[in-house]
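Working notes, beginning with the structure itself.
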Amino acid sequence: MTDATTSSLPSATPVSGKGSLMQQDARTRKRNAAETRFKAYGIAAITIGMLMLLVLVYNIVSRGTGAFQQTFVTLEVALPAEKLDKNGTRNLDDIKKVSTFGYTPLLRDAFEAKVADKSIETELSGKEMAGILSAGAAAQLRDFVLADPTVIGSTVAFEFLASSRVDGYLKSRVSRDSIANDKNISAEQLDFVDQLTASGAIEKRFNLAFITGADSSDARPEAAGMGVSMMGSLFMMLVVLALALPIGVAASIYLEEFAPKNWLTDIIEVNISNLAAVPSIVFGILGLAVFINYMHLPTSAPLVGGLVLTLMTLPTIIISTRASLKAVPPSIRDAALGVGASKMQSVFHHVLPLAAPGILTGTIIGLAQALGETAPLLLIGMVGFIASNPPDSIASGLLDPNSAMPAQIYEWAKRADPAFYERAWGGIIILLLFLVTMNTIAVILRRRFERRW
Amino acid sequence: MALGLTGYVVLAIILLTVAAFFMARSRAKSTAGGDIRLLHSLPNYYGYNAAMFAAVPAFGVLMIWLLAQPMIIENSVFKLIPERIVSEGSSRGLVMSDVRRVAEGLDIAVAQGALTDDEADNIRTEFKDVRSILGSVGVALGSNVEPEVLYAAQQYRAKTETGTFWMSVAVVTLAALGAALAIFVTNADFRARNTVERGALALLILAASLAILTTVGIVLSMLFESINFFRLHPWTDFFFGGSWAPNFRGDSDLSILPLLWGTLYISVIALLVAVPIGLFAAIYLSEYAGPKTRSAAKPLLEILAGIPTIVYGLFALLTVGPALVSIFGRGEAGLLGVDWMSGATAVLTAGLVMGIMLIPFVSSLSDDIINAVPQSMRDGSFGLGATHSETIRQVVLPAALPGIVGAVLLAASRAIGETMIVVLGAGAIAKFSLNPLEAMTTITTRIVSQLTGDTDFASPETLVAFALGLTLFVLTLGLNVLALYIVRKYREQYE
């Protein structure tokens, strides 16, 4: 029977005169080709998206990891008493009279001693040799001596930061061609660097100062770090957490549990959804006009940054909190009311604890968004200066001028010296690590505590 | 000093509040004869009630006073400054900021011991060099202090001091009265829980109204400064002028049109990148991809939306821009051998990178919308013999169109308001040009550049930023409202 049916098919098609089912006609082929093409567009779109992500991540990692390594020069510096403490009294006030310039010759002498010791042949003068060090080397020496005057007279081994050009040379960012017109470093100095590297006096290693240190002036990219701006971000996040969480939760509870259906509620809801879509820079303008120009809060203070970011994150927190309140089934409320709780008690004692994991997740995501926000911070002045010391108390952390991580990255991106670009990418790695950590915590919280009712 | 006194006032209110809590609670217990079953509410509610009466009115008055006092004092002090100085010193705001700085300097000088309180109140510029005294305590002044300004500053200080004193008295008294009243009414039959809950509800409403307050704050702050701007600068030039050339010596051309052109041009390029890629990605993910691909690709794409915009800005400035220059620029050394592009910052640079940023925005919104089209419509189309792509193009997409248009409009509003990418990637030259390889500037970049650094709220060059901000706000708000309207109006109802 089956044989008969299969054999009858070919004979049946000619009757209709429209070609064979086994053989696609031109129109079907066209339609199928269109189908394949359409699907390919989709795959191409996804691929492009993934590719962009890949390029971005590769770019950040390949350009930023250099910032975590820094070139150091090991040098044994003699600290002669006749130069640093002429009276020999070890009186701190006398020692302080020797300025940074008084320490510079010591570095030259140290280099000359090094050259003699390692029998390196070079035609450079001591001054030119000292030129491969960071401009802050003499100050580092002075601080060391002032901290402990008893070292005067001895010879101490120091690790100095190499100048950013030398650092760039060892990271192959600076080449012999690119320094042709550079008055900060010469080819002979690079030869000298090669010789020192061979003798082990110059080495590249992990640079903790980039993570903990402060920003530096334009002339010393090698000394710039993220630490102080991280503190600024931390204090801003504390302000955001302290304000946005309670206010956001309170607003959501009202809208979700108590608000009657009337025009006021409508206005509030429309406002919240609109605020979520307002460009972040507008919040910066608001902060400048209200907090700084009208209320005279200190410019550049993390407190003001935190207030602005609070207003910006509130809609995010309110929207996610309302979603998690909505997810708590009405039976919980009914049960609480049934045993005699008031409406307020049913919400605060029963609904809110059950919604807490969701609220927390939303808050962390809102904080992560606030942490990466830059534009409003530019307007309230959190860029363009160097905060050199980490804040020493909570009040100074909130009120003293500081930067924030994204603002610091922007600051570095604007500077002329390409050595700062490496810092900017490195800063982005740190910033993204924070964001990834926060988002991971949010995802884990959601997975761990999410309840299906 | 003012801050110090205010700090003590806050501390006093907190102490009064805590005391009121415990006193009311114990009073409630004692009126019930120690048997809390006789109380109307749980004992803590009596405490909360008293604490609420002590703290809320006091803090409310404190806040209002702190906000209103500077305004009132400034108004009255301003009357002391003769016209002569105002006309020389260009404007009221400038003179007032001088007065404030001198007053602040006197405060600091007293705090550091450079002046005694009496001296600060009575010195005259005729006898003492106030500028050098203030300079010695770290308050640098731009010019010598005019006698009238110094007098105004001293009045300012005196009035602030009196105001703060009376504020402290009023607020602490209010807190004590509130606490006393609440403790007085406390007895076993008092419905403390109901009062507390009404108070809590009021706080909840207050928190919810903060959204309105923020919007009002945004609109008012920008509106006031914009009005100030239009007083100093003709509105016809702002809206219809042809060039943007701020000049801090005055006489600037401040027209929004070239900026608007740059903004729209960059946004259009961004949308040309983001909409096709995002839309096709959404179609593929919701119609073709299996659950595994979907659960892997969707979060990965959304990472693009979670990356801070400063990262994209740097990517534009340091990666995409130079890459484009090596393609379109550098003459013979370039990839195409042409010299069309001179710098890394260009419309195309910013547009491309912004497009990448917007991909997940378009794709996840469209994805939700496509998923909302009922399966029965697809089944019907398949049943009629349509291929999958024909079904998508002729059935699913038309049904989802209003939502997709809404998503694109939202993406457009995002693109117009985006700041960091254009600040770093678009350049600073305001002009009308069709060449995407040239640097152009946008509304947001100009807001940033006019408002960073030293801002002088009396010059049109600074104030124009508020007019730009207001325009931006209106523009993005309009797009959002339009998007919502389209979605609501044209949404097909399938239920």
Would you check if there is a residue in the stretch A:78-92 being in the same structural domain as A:D148 (by TED's automatic domain parsing) and in contact with a strand residue (DSSP E or B) (Cβ under 9 Å, 6 or more places away or on another chain)?
yes
Which ones in the stretch A:46-73 are in a helix (DSSP H, G or I) and in contact with a Lys or Arg (Cβ under 6 Å, 6 or more places away or on another chain)?
A:G66, A:A67
Based on this model, can you work out whether A:A413 counts as assigned to a helix (DSSP H, G or I), under 20 Å from the mean Cα position of the chain (by Cα) and within 26 Å of B:A465 (Cβ to Cβ)?
yes
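Is there a residue being within 10 Å of another protein chain (Cβ to nearest Cβ) and out of contact with any Lys or Arg (no Cβ under 8 Å at 6 or more places or on another chain) anywhere in the stretch B:427-443?
yes
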Residue set A:L264, A:L241, A:L286; condition more than 26 Å from B:V474 (Cα to Cα) and either at pLDDT below 85 or in the same structural domain as A:D400 (by TED's automatic domain parsing) (or both); output residue A:L241
So, A:I281, is that one at the interface with another protein chain (Cβ under 8 Å from one of its Cβ atoms), within 27 Å of the chain's Cα centre (by Cα), under 26 Å from B:M222 (Cα atoms) and in contact (Cβ under 8 Å) with a residue 60 or more places away in the chain or not?
yes
Quick one: how many residues across the stretch B:270-286 are in contact with a Gly (Cβ under 8 Å, 6 or more places away or on another chain) and surrounded by fewer than 20 Cβ atoms within 10 Å (Cβ to Cβ)?
1
Over 34 Å from the mean Cα position of the chain (by Cα) and modelled with pLDDT under 90: does that describe B:G306?
no
In the stretch A:169-179, is there at least one residue being at pLDDT 80 or above and small (G, A, S)?
no
If a residue must be within 9 Å of A:I318 (Cα to Cα) and under 27 Å from the mean Cα position of the chain (by Cα), how many such residues does the stretch A:248-278 contain?
1
Answer residue from the stretch A:133-177, given it is part of a loop (DSSP other than H, G, I, E, B) and over 30 Å from the mean Cα position of the chain (by Cα) and is surrounded by the most Cβ atoms within 10 Å (Cβ to Cβ) among those
A:I152
Would you check if A:N274 is farther than 29 Å from B:Q450 by Cβ, of a type outside the set (A, V, I, L, M, F, W, C) and modelled with pLDDT under 90?
no
Scan the stretch B:435-448 for residues that are farther than 19 Å from B:I327 by Cβ and either under 18 Å from the mean Cα position of the chain (by Cα) or surrounded by fewer than 24 Cβ atoms within 10 Å (Cβ to Cβ) (or both) and jot them down.
B:I443, B:T444, B:T445, B:R446, B:I447, B:V448
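Let's see how each residue does on (1) of a type in the set (A, V, I, L, M, F, W, C); (2) over 20 Å from A:V383 (Cβ atoms); (3) crowded, with 20+ Cβ neighbours inside 10 Å:
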{"site": "A:M236", "(1), (2), (3)": "yes, no, yes"}
{"site": "A:A244", "(1), (2), (3)": "yes, yes, yes"}
{"site": "A:V249", "(1), (2), (3)": "yes, yes, yes"}
{"site": "A:S252", "(1), (2), (3)": "no, yes, yes"}
{"site": "A:F258", "(1), (2), (3)": "yes, yes, no"}
{"site": "A:I267", "(1), (2), (3)": "yes, yes, no"}
{"site": "A:A277", "(1), (2), (3)": "yes, yes, no"}
{"site": "A:L297", "(1), (2), (3)": "yes, no, no"}
{"site": "A:P302", "(1), (2), (3)": "no, no, yes"}
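Does at least one position in the stretch A:113-127 carry a residue that is exposed (fewer than 13 other Cβ atoms within 10 Å of the Cβ), polar (S, T, N, Q), on the phi > 0 side of the Ramachandran plot and at pLDDT below 80?
Yes; the residues of the stretch A:113-127 include at least one that is exposed (fewer than 13 other Cβ atoms within 10 Å of the Cβ), polar (S, T, N, Q), on the phi > 0 side of the Ramachandran plot and at pLDDT below 80.
How many residues does the stretch B:288-327 hold that are surrounded by 19 or more Cβ atoms within 10 Å (Cβ to Cβ), of a type outside the set (A, V, I, L, M) and assigned to a helix (DSSP H, G or I)?
7
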Of the listed residues (B:A245, B:A211), the one being surrounded by 13 or more Cβ atoms within 10 Å (Cβ to Cβ) and either modelled with pLDDT under 90 or among the acidic types (D, E) (or both) is B:A211
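For (1) within 14 Å of chain A (Cβ to nearest Cβ); (2) farther than 30 Å from B:H40 by Cα, each residue gets a yes or a no:
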residue	(1), (2)
B:R157	no, yes
B:F184	no, no
B:N187	no, no
B:A202	yes, no
B:F224	yes, yes
B:A245	no, yes
B:D251	no, yes
B:L254	no, yes
Listed by first then second residue, the pairs whose first member lies in the stretch A:293-308 and is under 20 Å from A:G372 (Cα atoms), whose partner is at pLDDT below 85 and of a type in the set (D, E), with beta carbons under 8 Å and at least 6 positions apart or on separate chains, are A:A301/A:D400
One residue from B:S363, B:S389 being of a type outside the set (F, W, Y), farther than 29 Å from A:L435 by Cβ, buried (at least 19 other Cβ atoms within 10 Å of the Cβ) and within 12 Å of another protein chain (Cβ to nearest Cβ):
B:S389
Going through B:A411, B:A400 one at a time, which residue ends up being over 32 Å from the mean Cα position of the chain (by Cα) and closer than 20 Å to B:Y284 by Cβ?
B:A400
Test result for B:I266, buried (at least 16 other Cβ atoms within 10 Å of the Cβ), in contact (Cβ under 8 Å) with a residue 24 or more places away in the chain and facing chain A (nearest Cβ under 10 Å)
no
Yes or no: the stretch A:187-202 includes at least one residue that is at pLDDT 85 or above, among the polar types (S, T, N, Q), part of a helix (DSSP H, G or I) and under 34 Å from the mean Cα position of the chain (by Cα).
no
Identify the single condition in (1) farther than 25 Å from A:L314 by Cα; (2) without any contact (Cβ under 8 Å) to a residue 12 or more places away in the chain; (3) surrounded by fewer than 18 Cβ atoms within 10 Å (Cβ to Cβ); (4) within 12 Å of another protein chain (Cβ to nearest Cβ) that A:V436 does not satisfy, given that it satisfies every other one.
(1)
Looking only at the stretch B:95-119, which residues are surrounded by fewer than 22 Cβ atoms within 10 Å (Cβ to Cβ) and assigned to a loop (DSSP other than H, G, I, E, B)?
B:G113, B:A114, B:T116
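The values are calculated or read from the model by the stated rules, or taken from the named source; none is laboratory data. Just so you know, these numbers come straight off a predicted model, no measurement behind them. Glycine gets a Cβ as well: all are built from the backbone with ideal geometry, and neighbour counts include every protein chain shown.
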